[in-house]
Each structure stands twice: as C-alpha cells, then as structure tokens.
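Notes follow the structure.
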Amino acid sequence: MSTVLLVSSSRHPDQWIVPGGGMEPDEEPSGAAVREVYEEAGVTGKLGRLVGVFEQNKDRKHRTYVFTLTVTETLEDWEDSVKIGRKRRWFKVDEAMMVLQSHKPVHAEYLQRHRITCDPSCGSTCSPSNGNTPSSRVTDNNGLHYVVCATLGSDLANR
C-alpha cells in the first residue's frame, strides 16, 4: 500500500497540507517541487511524473503543477522544522484525502488525480517514472512512500 507525506500548515499548525510553494525566477516547476519538498518536508528522492496542472481562478489566479516524488532520504532536522516547527506525517492515501477535504479540498483533488492516473498495470500503486522505465523505490513493510508536491506557477492573468 502506498502512503503520502503531508506537512503541517505554517498558518494553521494543526492542519495538514501537501508540501509545495512558489517557483523562483527562472526555475522550472519540477525543480521548484524538489526544492520545496526538501525545505518543507525534509525529504529527498526521485522526482516522478507530473500528476497534473491545476488552474485556480477564484481567489488567487495561478497554475499549480503537481508531481510525485519517491522518497529515498528523510532528514531528521530540516529547514522548516527548525525555523517554524513544521511537522510531517505519512498517511494512507484515502486517509490523507479525508484529512485534506475539510480545509484544503484542492489538495485532496491532487491525491484523487494521483490515484486515477496511476498505471493500472501497477495495481494500486503507480510508477513515479512517467511509466517509461522502472524506477528505484524505497520500500519497507508499508510499501511505497510518495510525496505529492505542488508548485505555484505563473499568474494566469498575465497570459
């Protein structure tokens, strides 16, 4: 069974969110995803497939790129844990979707898309390698460990 890593919100520490953040100037979405997950969740790994691009036009007009990352290393102390006391926790995918639904429904949607777009030939989990080649996976008694990370892209009003 695969699990996903959520982090505590910096604004509401009692709520869990998908790690992610903004892109730096001249940074690609994939690079921003890897950097943000390292800063916010203290993990590194192999960047996988693009789960989807989500455009939210209500409050903040932006495009969000969502990727999977297969975790290969977990740091004991990391930037946001030291600076702001951020926490992280592994959840079963269904449990994470329920946790996110009440306060971050779009984050629950990321996980739903992740489940729907998984390669059916892989069973209940999916390959983080865009489906083209086998990828190295960190496994233990709980199975695959993914981070679904989001990066905020360009303002849609400017296109």
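Just a few scattered comments:
- Listed by first and then second residue, the pairs linking a residue in the range 67-79 that is touching a residue at least 12 places away in the same chain (Cβ under 8 Å) to a residue that is outside any strand (DSSP E or B) and open to solvent by 70 Å² or more (accessible area, probe 1.4 Å), with Cβ atoms under 7 Å apart and 6 or more places separating them unless they lie on different chains, are 70/137.
- None of 138, 147 is in contact with a strand residue (DSSP E or B) (Cβ under 6 Å, 6 or more places away or on another chain), surrounded by 19 or more Cβ atoms within 10 Å (Cβ to Cβ), of a type in the set (Val, Ile, Thr) and modelled with pLDDT under 75 except 147.
- Test: residue in the range 36-51 that is assigned to a strand (DSSP E or B), of a type in the set (Ser, Thr, Tyr) and closer than 16 Å to residue 106 by Cβ: no
- Where residue 111 falls short, out of the listed (1) more than 16 Å from the chain's Cα centre (by Cα); (2) open to solvent by less than 30 Å² (accessible area, probe 1.4 Å): (1)
- Residues that are without any contact (Cβ under 8 Å) to a residue 24 or more places away in the chain, of a type outside the set (Lys, Arg) and open to solvent by 50 Å² or more (accessible area, probe 1.4 Å) within the range 2-32 comprise 14, 24, 25, 26, 28, listed in sequence order.
- Test: residue in the range 50-57 that is surrounded by 21 or more Cβ atoms within 10 Å (Cβ to Cβ) and modelled with pLDDT of 90 or more: no
- Given (1) on the phi < 0 side of the Ramachandran plot; (2) without any contact (Cβ under 8 Å) to a residue 12 or more places away in the chain, index of the condition residue 38 fails: (2)
- For residue 43, the conditions (1) open to solvent by 40 Å² or more (accessible area, probe 1.4 Å); (2) within 24 Å of residue 115 (Cα to Cα) are fulfilled apart from (1).
- Per the conditions (1) at negative phi; (2) out of contact with any helix residue (DSSP H, G or I) (no Cβ under 9 Å at 6 or more places or on another chain); (3) at pLDDT 50 or above, the sole criterion not satisfied by residue 85 is (1).
- Residue 106 falls short of the stated requirement of being part of a helix (DSSP H, G or I), in contact (Cβ under 8 Å) with a residue 24 or more places away in the chain, open to solvent by 50 Å² or more (accessible area, probe 1.4 Å) and touching a strand residue (DSSP E or B) at 6+ places or on another chain (Cβ under 7 Å).
- Checking each residue in the range 79-96 for being in a loop (DSSP other than H, G, I, E, B) and surrounded by fewer than 18 Cβ atoms within 10 Å (Cβ to Cβ) picks out 85, 87.
The values are calculated or read from the model by the stated rules, or taken from the named source; none is laboratory data. Keep in mind it's a predicted model, so treat the numbers as computed, not measured. Every residue, glycine as well, gets a Cβ built from its backbone with ideal geometry; the counts of neighbours run over all protein chains shown. The area values use the complete protein model at the heavy-atom level, side chains included, leaving out ligands, DNA and RNA. Shrake-Rupley method; radii C 1.70, N 1.55, O 1.52, S 1.80 Å.
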